[in-house]
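This report refers to the structure that appears directly beneath it.
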Amino acid sequence: MRIAATAPELRREIAALPRPLVLVPTMGALHEGHLALVRRAREKAGPAGTVAVSIFVNPIQFDRPGDLAAYPKPLEDDLAKCRDAGVDLAFTPESGAMYFPDRSITVTESLLSTHLCGATRPGHFDGVCTVVLKLFNLFQADAAVFGEKDVQQLAILRRMVRDLDVPVEIIGYPTVREADGLAMSSRNVRLTPEHRADAPRIRRALEGARSLLQFGERAAAPFLAAARKHLEESPFAQIDYLELVDAETLQPVGQIRKPAVLATAVFYGEVRLIDHVTLLP
Ligand code: PAF
């Protein structure tokens with residue numbers, strides 16, 4: 001596996017590597033969910049193509065300094081996992097190698113980011129779009145794989161690529177879960193044992209609400225009420241948001257007439273977890 005830590009190193013490596021190049025952008029602390037994205041990238045690249053992983057804890061997408069400071073950074077472990085997974089190229093820049101101290105350009109999405117995480121994490125998606133566009137430019141990737149767990153991120157990145165004519169194919173990959181249903185996340189390791197034991201209720205709350213569809217329910221309010229009730233029964237969980245939005249525009253809906261998404265973010269102490277279910281009428 002080749003490793004690059006700066007943009008010039010990366011360009012040199014990429015020039016020598018075969019196409020297609022499929023990128024898996026990550027912030028490290030790799031878990032089975034990331035490795036599933038790497039396997040999907042290999043499937044897309046083929047045995048002769050290049051699978052690249054970027055490992056960069058992007059400071060400009062964090063809205064809480066404490067979250068950035070506590071974000072796990074097990075770089076050596078991550079590189080070993082990449083090697084084992086057959087990654088061809090890892091990009092591991094320091095913050096200074098990615099951003100000029102006087103950088104003054106930011107990519108802003110102004111519709112899909114107005115609800116869900118975009119509403120409670122000001123500037124988060126500006127940071128995501130800016131770094132991902134930079135990564136696309138640096139890698140000149142043919143395709144990139146993102147987890148569907150970050151449903152809003154995926155929709156926004158698809159929109160960015162569409163609106164800015166970025167020549168990259170975006171591939172979504174289904175959420176990978178622990179055996180008890182908790183969505184895999186690099187933040188899970190920061191949960192206390194009590195919080196970890198309680199956190200699968202997020203999935204149960206969303207799935208429980210989704211079952212209302214079978215009874216013909218289409219009004220948003222009962223779905224939201226059912227999920228909220230289950231989450232509020234937790235002695236630990238604090239709801240950051242719980243919203244039912246159109247799957248395409250990510251704007252709140254009162255009635256489910258088209259595919260919709262019931263999404264939540266929940267705090268366990270300082271650790272914020274997200275999950276969602278898709279509702280197909
Ligand atoms: O999903 C993530 O891990 C990050 O938001 C991403 C896409 C790597 C950008 O920093």
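Does at least one position in the range 176-186 carry a residue that is at pLDDT below 95, within 12 Å of the ligand (Cβ to nearest atom) and within 29 Å of I3 (Cβ to Cβ)?
yes
Quick one: would you say L135 is without any contact (Cβ under 8 Å) to a residue 40 or more places away in the chain and buried (at least 19 other Cβ atoms within 10 Å of the Cβ)?
So L135 fails the test.
Could you identify the single residue in T175, T192, T249 that is of a type in the set (S, T, N, Q) and more than 26 Å from E109 (Cα to Cα)?
T192
Can you name every residue in the range 138-158 that is crowded, with 20+ Cβ neighbours inside 10 Å and farther than 22 Å from E9 by Cα?
V145, F146, G147, K149, V151, Q152, Q153, A155, I156, L157
Could you pull out the residue among Q152, Q140 that is modelled with pLDDT of 95 or more and touching a Phe, Trp or Tyr at 6+ places or on another chain (Cβ under 8 Å)?
Q152
Being touching a helix residue (DSSP H, G or I) at 6+ places or on another chain (Cβ under 7 Å), surrounded by 13 or more Cβ atoms within 10 Å (Cβ to Cβ) and of a type outside the set (K, R) narrows it down to one of L224, L250, L213, so name that one. First the steps, then the outcome.
Working: L224 fails: touching a helix residue (DSSP H, G or I) at 6+ places or on another chain (Cβ under 7 Å); L213 fails: touching a helix residue (DSSP H, G or I) at 6+ places or on another chain (Cβ under 7 Å).
Every option except L250 fails the conditions.
Would you mind finding the one in E13, E32 that is touching a residue at least 60 places away in the same chain (Cβ under 8 Å), of a type in the set (D, E, K, R) and in contact with a strand residue (DSSP E or B) (Cβ under 6 Å, 6 or more places away or on another chain)? Break it down into steps so the answer makes sense when it comes.
Details: E32 fails: in contact with a strand residue (DSSP E or B) (Cβ under 6 Å, 6 or more places away or on another chain).
One residue alone meets the criteria, E13.
List the pairs whose first member sits in the range 49-60 and is under 17 Å from A141 (Cα atoms), whose second member is near the ligand (Cβ under 10 Å from one of its atoms) and of a type in the set (S, T, N, Q), and whose Cβ atoms are under 7 Å apart, counting only residues at least 6 apart or on separate chains?
As it stands, the answer is V53/T26; S54/T26; I55/T26, since those pairs meet every condition given.
How many residues does the range 91-132 hold that are under 19 Å from A5 (Cα atoms) and surrounded by 12 or more Cβ atoms within 10 Å (Cβ to Cβ)? So that I can check it myself, show each step before the final result.
Residues of the range 91-132 that are under 19 Å from A5 (Cα atoms), as a first pass: 91-101, 130-132.
With surrounded by 12 or more Cβ atoms within 10 Å (Cβ to Cβ) added as a condition, the list becomes 91-93, 97-99, 130-132.
Here the count works out to 9.
Which one of the conditions (1) closer than 23 Å to E270 by Cα; (2) without any contact (Cβ under 8 Å) to a residue 24 or more places away in the chain; (3) under 17 Å from the mean Cα position of the chain (by Cα) does A183 fail to meet, given that it meets all the rest?
Condition not satisfied by A183: (2).
Of the residues in the range 144-166, how many are touching an Asp or Glu at 6+ places or on another chain (Cβ under 8 Å) and either within 11 Å of the ligand (Cβ to nearest atom) or not in a helix (DSSP H, G or I) (or both)? Can you show your working first?
Of all residues in the range 144-166, those touching an Asp or Glu at 6+ places or on another chain (Cβ under 8 Å) come to 144, 149, 154-156, 159-160.
Applying the additional criterion that residues be either within 11 Å of the ligand (Cβ to nearest atom) or not in a helix (DSSP H, G or I) (or both) yields 144, 149, 154, 156.
Qualifying residue count for the region: 4.
The values are calculated or read from the model by the stated rules, or taken from the named source; none is laboratory data. Here the structure is a predicted model, which is why all the values come from computation and not from measurement. Because the Cβ atoms are built from the backbone with ideal geometry, glycine has one as well, and the counts that use them run over all protein chains shown.
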